[in-house]
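Let me give you the structure first, and then I'll get to my questions.
No value in this document is a laboratory result; all are computed from the given coordinates. The structure presented is a predicted model; accordingly, all values stated were derived computationally and were not measured. A quick note on method: Cβ atoms are made from the backbone with ideal geometry, for glycine too, and the neighbour counts reach across all protein chains shown.
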Amino acid sequence: MKDKFDYFIKTENNKWEVIIGLEVHAQVTSKSKLFSSSSTKFGEKPNTQVSLVDSAFPGMLPVINKFCIEQAVKTGLGLNAKINLRSIFDRKNYFYADLPAGYQISQYKNPIVGEGSVTLDMPYGTKKVGIERLHLEQDAGKSIHDLSPDNTFVDLNRSGVALMEIVSKPDLRSPDEVNSYVKKLRTIMRYLGTCDGNMQEGSLRADVNVSVRKQGEKKFGTRCEIKNVNSIKFMEMAIESEAKRQVELIESGKKIEQETRLFDTKKNETRSMRSKEEAHDYRYFPDPDLLPLVIKQSFVDNLKNKLPELPDKKKERFINKFKLTPYEANVLISENNISEYFEEVIKTADIKLAKNWIIVELFAVLNDKNLDIKDSPVSSKNLANLLNLISSGEISGKIAKKVFELMVQSGDEPSKIIKDKGLQQQSDPKELEKIIKNVLEKNFDKITQYKAGKEKLYGFFVGEVMKASSGKANPKLVNDILKKELKK
Amino acid sequence: MPIDKNQVKKVAKLSRISLDDSKLESLSNDLISILNFVEQLNKLDTNEIKPLTSIIDKSLDTRDDSVSDGQIRDQILKNSPEKNEDFFIVPKVVD
Amino acid sequence: MRTFLLYQRLLIKMNDLNDISLSEIIKLVKSKKISSLELANHFINNIEKGKKLNSFITTCFDQTIKDSKNFDKKQNFDGLLPGIPIAVKDLFCTKNIKTTAGSKILENFVPTYESTVTNNLWKEGAILLGKLNCDEFAMGSSNETSFFGNVINPLENNLVPGGSSGGSATALAASLTPATIGTDTGGSIRQPASFTGTVGLKPTYGLCSRWGIVAFASSLDQAGPMTKNVEDCALMLEAMSGYDKKDSTSINKKKENYSKNLNSSIKGIKIGIPKEYRVDNMPEEIEQLWKNGIDILKKSGAKIIDISLPHTKYALPTYYIVAPAEASSNLARYDGIKYGYRSKKGNNLIEMYEHTRAEGFGDEVKRRVLIGTYVLSSGYYDAYYLKAQKVRKLIKGDFDNSFKEVDAILTPSTPSSAFKIGEKANDPISMYLNDIFTVPVNLAGLPAISIPAGKDHKGHPLGLQLISKELKEQKILNIAFAMEKEINFKQSLNRWWE
């Protein structure tokens, strides 16, 4: 991590600044489609999640899903954006095999959500990224090109699924910022429950606009749009390679053409889609099958009042109330489920222990098993119990780790594991005295050295005692007895 | 002239309608006369007028988010000129 | 007694079902003087003998007979249209019955669903006779753009029936169906009604559901009844209309009993006469027809008020931007993938599209799709489409202002009587001018009815149009009902086609 922004394309003579804007397509978490009542479920058999409306049969008409409107408004509120009480659905006209009506219903001039902003935490400080707009639109179906050499197969299951297109201002300046921006958007939408952000299933994808300019210049360069990038990593790679391509072109005296490009993930380069773009003229006009969408301020207010605590607010609270570092707070608020888990644990357990155990031990396990925290084998209650056993000195940190491992395997609660496995602390002074004496007898020479002033050998004795007790010895008692014995 | 033959060709391309040259001639003439006819509107000053967005004075009705459609693959595919059990089949898409 | 009943039934047949109205037929059914099966057989027979008129694209007689037998078995007379066989325009999707919209591109399309409006008819007891010819995708004013050939006006074998609901108008006038339904985007119900001496009503935009109707121009399309008289019209409107939650532009209101509330007393009602409808080169006969209409209304106690609808002359150019724009987008779904025609030509997807649509669409549809694409395309949107939507607001404003002063507006339905087949086929603009009196109503989303009001020197029928503000269908039905009584329009066809 650097503490100063430093992302430039550097060449022999120049430093180039990279200007990035994103159009994120986020699938609305609705059961049914934006304009029809067929299911949005992922991974079903081809053409089974399709209604006559989705496949554009003659005379079929769209009727809008109220839940999708709510989700768009909620997301708008989460982006601190202006909600437009009157918005209009337009048709975007183009021919493609998986676009059955020959047009996509979208919002063009009058989107449901206007300007807003998102705050990013970068190593060099916070950064505000402007949101231009958010609008609702339909997804297209899927064209499958690799099932036959001569034909394309068309599956309309996705046709008509509701998407929110979130358009940022050209405020992003590096792949890192893009990474942070997309993750932040995803976190906000997950908190709101408006988009599950699952990139593997295509619930979140983006068109990336890239241009370059010499450092210090005010005017934007000509931009290229990289279409449909479906992972954060690919976005970062695409930006880097596209920016370099543009710099090379300009420095060799050529001009950038404004165009749509495609990112080839295998070759790590973008290539022109111009041949396809040439014929495009989307001929937007208001969809005459739909009327203007008018929502009441009270509808917006009602949603606003029911909004959950959003990540920025929660982070602030975690830092102030629980004395977390910004890094720790960021980690713990990154998912609503994580912050809920954390808050559940600290209802009874020590905050400091809790944050460390969650961030280090629990995350290691979840990562390893590729689990969501809500499916964690260690429940928040069990973790709290374990931490309380540490706090009260009933088990040592070392034993706690052992117990935790067993908790991960069995899902059992800690006291049961401790009992079953005989991991209780050895707190009987007589037993401990026996062990200690035994250790000291075996290390007579070291006692002499210790007494001669080599005080750091004290740790060695403690270690040996713990080893001899399989880590179960009560450290406080060991301390007391050992000191006494060594004085003899 | 409101439109020339090249523009007609372009519009035909956008509309995905192939036109042979014999058709192009007569169609272009028709389009010219229709466009000349509609250009009467230019006599009217409409700078201050807001365009009409819908003819009825009503906001959009909504429906609840419940699944009550789909699972009719055979109906969906039934009328298709080329299909198999699962998919619509079209000639190869070339980028 | 039995002999008497038999004698009566015989009388009905001799009397000829061809000359009586839907309402009268319903009375006969309800009083069991005729069965649904007998009715079905009568109309099937007429349809078989009426093939020359080319008004049907598809018939489903087996189904018709089966349904009528079922009706006769159950004898449920509760519906508004008990056991009545009815043919509908081939723009309404009908479950398991081919629906073409008059286009090659839907030549073999068999919907798995039923349009809301036709479903409403079946729920009232009606039975499907078949699907009626129309201009391709309802784009036309003469029924000459249909892929299935032009329809002939039963008045004379060289006349068009009007369009786009030309098959509906012809089938109705020739008694191949006792009543029918059409769709009206710029006059497609009222103009053919006027050309065939029948009654046609375009309801308020949103009164009848558009769900399951092949779309032409979504903000203008509206289904409506076509009947032999005003009473039938009220009845059919009652049966077909109603809120539909599947259509976002459907108006949610209580259903009205148009037929029960039909009332010819119109004393004190205020009728506006818009001076802008006195267009250049309007035939003297139309002018005279209009005057007669005004006189009849005066005689019935109505108050006549001169009004102005200043933007009337901009209605047609506005329409020929808005309608093609919407159509270009609505017709994008006909791409040879999901249903309908697919060309064998082309090596890739784009070429397949281009050949499919070039071969599948007729010339008028192509013209409108191209115009629509052009007026929406980048660089032209503001000058054409946006401009048109602004003018549309002005046109709507004209009507709104007038209806502060008057209850209804009276105009001619068309600037001429039925023209000859082929007469305007090669001149799109002169064809478009036919809709000059009907189009403003669609742009403003208002209801309007055309009733036969007289004949020209050739003996061809001419219609008058009554327009009211939104949802005042009852009002124009009542005025039309009153005028109908006074006009006493008679049309006897010698059934030359049989």
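Of C:267/C:490; A:109/C:472; B:78/C:255, which sit over 31 Å apart, Cα to Cα? Working shown, then result.
On the way: C:267/C:490 25 Å; A:109/C:472 35 Å; B:78/C:255 36 Å.
Among C:267/C:490; A:109/C:472; B:78/C:255, the Cα-Cα distance tops 31 Å for A:109/C:472; B:78/C:255.
Kindly state, to the nearest 0.05, the FRET efficiency for residue A:266 paired with residue A:31, given R0 = 45 Å and r defined as their beta-carbon distance.
0.80
Quick check on my link table: of A:227/C:390; C:95/C:253; B:83/C:344; B:23/C:344; C:104/C:344, which ones sit more than 24 Å apart, alpha carbon to alpha carbon?
On the way: A:227/C:390 36 Å; C:95/C:253 27 Å; B:83/C:344 15 Å; B:23/C:344 20 Å; C:104/C:344 14 Å.
Where the Cα-Cα span goes over 24 Å, the pairs concerned are A:227/C:390; C:95/C:253.
Oh, and also: If you place +1 on the Cβ of every Lys and Arg and -1 on the Cβ of every Asp and Glu, how big does the dipole about the Cα centre of chain B come out, in debye to the nearest 20?
Numbers: 14 positive and 18 negative charges, 61 e Å.
Once rounded to the nearest 20, the dipole reads 300 debye.
To the nearest 10 degrees, how steeply does helix B:21-38 sit against the main Cα axis of chain B, on a 0 to 90 scale?
With rounding to tens, the tilt is 70 degrees.
Ignoring everything except DSSP H segments at least 4 long, calculate the 222 nm mean residue ellipticity for chain C; use -39,500 (n - 2.57) per segment, divide by total residues, nearest 500.
On the way: 16 runs with 185 residues, N = 498.
Rounded to the nearest 500, the figure is -11500 deg cm²/dmol.
Name the residue from A:482, C:341, C:20 whose Cα lies farthest towards the positive end of the charge dipole of the protein assembly as shown, charges +1 on Cβ of Lys and Arg and -1 on Cβ of Asp and Glu.
A:482
Antiparallel versus total DSSP beta bridges in the protein assembly as shown: what percent is that, nearest 5?
If I count the DSSP bridges inside the protein assembly as shown, around 80 percent turn out antiparallel.
Also, I was wondering about something else. Can you compute the charge dipole magnitude of the protein assembly as shown about its Cα centre, using +1 on each Lys and Arg Cβ and -1 on each Asp and Glu Cβ, nothing else charged? Give it in debye, rounded to the nearest 20. Numbers along the way, then the final one.
Working: 159 positive and 140 negative charges, 590 e Å.
Dipole magnitude for the protein assembly as shown comes out near 2840 debye.
Continuing with the same structure: Cα to Cα, under 20 Å, and not fewer than 8 places away if on the same chain: which aspartates and glutamates meet these conditions relative to residue A:381?
A:335, A:340, A:343, A:344, A:350, A:361, A:372, A:394, A:405, A:412, A:413, A:420
Additional query: Rounded to the nearest 5, what % of the DSSP beta bridges within chain C are antiparallel ones?
Within chain C, antiparallel bridges account for around 65 percent of the total.
Can you tell me the order of C:454-460, A:280-286, A:313-319 when each peptide is scored by its average per-residue count of other Cβ atoms within 10 angstrom, highest first?
Taking the mean over residues of other Cβ atoms within 10 Å, the ranking is A:280-286, A:313-319, C:454-460.
With charges set only on the Cβ (+1 for Lys and Arg, -1 for Asp and Glu), what does the dipole of segment A:309-421 come to about its Cα centre, in debye to the nearest 20?
About 340 debye.
Let me ask something additional. For chain C, what D do you get in µm² per second when you plug the Kirkwood radius from alpha-carbon pairs into Stokes-Einstein at 37 °C and 0.692 mPa s?
It comes out at roughly 145 µm²/s.
Given R₀ = 56 Å, FRET efficiency for residue A:372-residue C:108 by Cβ-Cβ distance, to 0.05?
The calculated FRET efficiency here is 0.65.
Run the reach check for residue A:484 against lysines, Cα to Cα strictly under 26 Å, same-chain hits fewer than 8 apart removed. What comes back?
Within reach: A:398, A:430, A:434, A:437, A:442, A:446, A:451, A:454, A:456, A:467, A:472, A:476.
What is the distance in Å between the Cα centres of segment A:300-343 and segment A:34-82?
The two parts, judged by their Cα centres, are 30 Å apart.
While we're here: Between rounded, prolate and oblate, where does chain B land on the alpha carbon gyration tensor, with a ≥ b ≥ c its root eigenvalues, rounded for a/c under 1.5, else prolate if a/b exceeds b/c?
On the way: a/c = 3.70, a/b = 1.28, b/c = 2.89.
Since a/c reaches 1.5 but b/c is at least a/b, the shape of chain B is classed as oblate.
Also, I was wondering about something else. Restricting to Cα pairs below 8 Å that are 6+ residues apart, what does the relative contact order work out to for chain A? Please round to a whole percent.
Working: 843 pairs, mean separation 66.5, N = 488.
Relative contact order here is 14 percent.
Return a whole-number percent for the relative contact order of segment A:429-487, with Cα pairs under 8 Å and 6 or more residues apart as the contact set.
47
When we measure straight from the Cα of residue A:31, which aspartates and glutamates land under 12 angstrom away, once same-chain ones fewer than 8 places off are left out?
Hits, sequence-local ones excluded: B:64, B:65, B:69.
Between segment A:87-122 and segment C:428-459, what is the separation of their alpha carbon centroids in Å?
Here the answer is 40 Å between Cα centres.
For segment C:168-305, what number results from the quotient of the Cα radius of gyration and 2.2 N^0.38 Å?
Numbers: Rg = 16.7 Å, N = 138, 2.2 N^0.38 = 14.3 Å.
Output field value: 1.17.
Another question about this same structure. Under the definition of Cα pairs under 8 Å and six or more residues apart, what whole-number percent is the relative contact order of segment A:309-421?
For segment A:309-421, the relative contact order is 21 percent.
Using alpha-carbon positions, what is the distance between the centroids of segment C:267-343 and segment A:426-488, in Å?
Result: 107 Å between the Cα centres.
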